[in-house]
Structure formats: C-alpha cells, structure tokens
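These notes are about the structure you will find just below.
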Amino acid sequence: MAPVLEASRLGRRYGKKWALRDCSLEPAGGAGHRAGRAERCRRDRLLSLAVGLLRPSVGDVRVLGRSPRSALAEVGFVAQDKPLYGSLTVAETLRMGGWLNPSWDQELARKRMARADIRCSRRSV
C-alpha cells in the first residue's frame, strides 16, 4: 500500500517569496509529528498542495501514490480558514463543489441543504 502523503523537494513561490521551500516528506513508522504554531503556515501550504488546491512551483507531491487530483475522491480535507466565497450564492458554491470534486453528488448536496432549510439563492445582507 502506498503512503498517504509523500513530498519531494516541494516548493510554492509567490513572486520572489517562498511560502514553502525544499520540503521533502517520507512516511516514518511510529507516532506522527505535531507542528507548532510557527510552522502552521507551511503545514497548511503543504496540505493545500497535497489536495490540489494549489499547484507546486517546484517538486512533487503524491497522495496514496498518485497525483493529488486523482486521489481527491479518497481523502478529506478541512481548511484552517473558511473555504467559502462570500460573493457566491449557495447554488454557485454547490456548482463549484461539483467542478472541484469529481465524485461530487449534487443531488445529495441539494437534499442536505433542503433538510437544513438553507435556500440556494443569494442571501440578504
């Protein structure tokens, strides 16, 4: 079985500034590592690269031995910040979910929204 997450000389740059640089990650036995607050930005950047929300500037990341996009249906990810866009309606957000996730079940999403009494039109501000 392939490791859940591997990275080789992975990096993400914005202009001249590196958000993540020369990150290599190989699976190790035993207990995991908990990153401290100072490392949070790099950890979140690594996870965003691992689920395909960002593309690496350099290097390679593999999830379950495959590219992040091809493994997306088999992993779950909850971002640290709110991954929603206030300018989108609920219906537009649901359509975006289908566009980003190949295994998205639009009908199930609509049923859950109805059960929670959330309308799919623009909310009043």
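The values are calculated or read from the model by the stated rules, or taken from the named source; none is laboratory data. Remember, it's a predicted structure, so these values are computed and weren't measured experimentally. Cβ placement follows ideal geometry from the backbone for every residue including glycine, while neighbour counts extend to all protein chains displayed. Keep in mind that these areas ignore ligands, DNA and RNA; they rest on the heavy atoms of the full protein, side chains included. Shrake-Rupley method; radii C 1.70, N 1.55, O 1.52, S 1.80 Å.
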| task | Considering (1) open to solvent by less than 70 Å² (accessible area, probe 1.4 Å); (2) modelled with pLDDT under 85; (3) charged (D, E, K, R), say which one residue 37 fails and leave the rest. | result | (1)
| said: Out of everything in region 40-58 that is surrounded by 14 or more Cβ atoms within 10 Å (Cβ to Cβ) and touching a helix residue (DSSP H, G or I) at 6+ places or on another chain (Cβ under 9 Å), what residue ends up being modelled with the highest pLDDT? | reply: 56
| task | Go through region 92-118 and count every residue that is over 21 Å from the mean Cα position of the chain (by Cα), touching a residue at least 12 places away in the same chain (Cβ under 8 Å) and open to solvent by less than 90 Å² (accessible area, probe 1.4 Å). | result | 2
| Taking region 72-118 as the region of interest, how many residues are part of a loop (DSSP other than H, G, I, E, B), more than 18 Å from residue 50 (Cα to Cα), modelled with pLDDT of 75 or more and not polar (S, T, N, Q)? | 8
